[in-house]
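Rule-based calculations on the coordinates, nothing more; no lab input. Note that the structure is predicted; figures quoted are calculated from it, not measured. With ideal geometry, Cβ positions are generated from the backbone for all residues, glycine too; neighbour counts draw on all protein chains shown.
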Amino acid sequence: MSDKLHFELTTPERVVFKQDVDQITLPTMDGEITILPQHIPLVAQLVPGVATLKREGEAEEVAVSGGFIQVDGKDNVTVLADTAERGENLSLEDIEKAKQRAEEVMKNAARGDDESFARAAAEMERELARYKVALKYRQQGKKSVPQGAGSDLTDNAGPV
């Protein structure tokens, strides 16, 4: 029996994170779930929000957007996300501007069709998740999950 989860976070562009962790908390359609070692098999839909990775007593939050989660029941967890961004790669100023644009689109879309409003609301959710991660990263003194051998968490700026 393992006391670690083999976690991989992948976007269409690359593998963002590939490392053993103690636990993962992820946003799903049914609410936030925490996955610990020996979790039962699960497939769930990932929604925009904050993923929290815990390893060796340290936690790191990553802003994620839609995608899918797979837990195989053998301590392997795979997240296929549309985007994933670490706090150190996020600019509060850029996020504020994007939030303002999304708010304006939502106001205009409220008078228009439901599809435009839904797209704007999804964009707002994504920006709020990015904002939470960026803010917490700055408040915590810019600490991130320790990177050990086998880690593929990169420092590239921008959405992944």
Computed ³J(HN,Hα) along region 78-86: with the Karplus parameters 6.51/-1.76/1.60, θ = phi - 60°, integer Hz and x for glycine or proline, the list is 10, 10, 9, 10, 5, 9, 8, 9, 7
Any lysines whose Cα falls less than 22 Å from that of Lys136, other than same-chain ones fewer than 8 residues away, would be Lys54, Lys97, Lys99
Within region 39-53, the residues whose backbone N lies under 19 Å from a label point placed 7 Å from the Cα of Ser2 along the Cα-to-Cβ direction are 39-44, 52-53
Here, Gln38 and Asp72, labelled 7 Å along Cα→Cβ, have an inter-label distance in nm of 2.0 nm
Taking only C-alpha positions in region 5-88, Rg and Dmax in angstrom work out to 11.4, 33
Amide H neighbours of Phe7 at under 5 Å, excluding residues fewer than 5 places away on the same chain, with H built from the backbone geometry, are Gln19, Asp20, Val21, Val77
